[in-house]
Amino acid sequence: MAFGAAFGFWAMSALLVLVPGADWAYVIAAGLRDRALWPAVGGLLLGYLALTAVVAAGVAALVARTPAVLTALTFAGAAYLIWLGAGILARPPTISLPADRQVLVRPGAAVARGFGVSGLNPKGLLLFLALLPQFTTPRGSWPLAAQIALLGVLHTANCGAGYLGVGVLARSVLRSRPAAARLTTRLSGAAMVVLGIALLAEHWL
């Protein structure tokens, strides 16, 4: 794989991370829960590593060619986003209570939710399937699967840096503003619900 191709993918990946979406919404909500931020971002990264493994193994091509499997994945991802967003809307984190009285999300639950947000996102799978092979050298010195794995790790690293930055910014700016924090959290939950509905609508239209 040429260095220029890897650098070009890294730059494009960094731009994609800056586009708000379900990941942003989840990270902002997790950032306002203090200790949930690191496990939440870790879960998102595990999801992207899983997608990388799927694409590198060639399974994603089969999924993309099988309408029933892709439909099931779309419904699962959309339903999960709607469920998670509705839960945030119903139970936004309490910002104004003292730290010893706040209800904190268990790290394992935050990791699992983050994995679901990224790993069950059919758009993420199709994005990896469409983009990763374009930056590889089919007859290069590296096996194709290894090249795809490297690009996936680069994107995962970009996601880690970007999402931690978003979460820390949300926590530092909004924790001293309870009303703004509650509004931002509810907007994040609503964004997840809207994105889930949009996934379903896009599939049927």
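Here are the numbers:
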quantity	calculated
Extension reserve of the LYS123-ALA146 stretch, reckoned as 0.36 nm per residue once the Cα distance is removed	6.0 nm
Förster radius 41 Å - calculated FRET efficiency between ALA5 and TRP83, Cβ distance, rounded to 0.05	0.60
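Rule-based calculations on the coordinates, nothing more; no lab input. All values reported here derive from a predicted model rather than from experimental measurement. Here the Cβ is made from the backbone with ideal geometry for all residues, glycine too, and neighbour counts use every protein chain on show.
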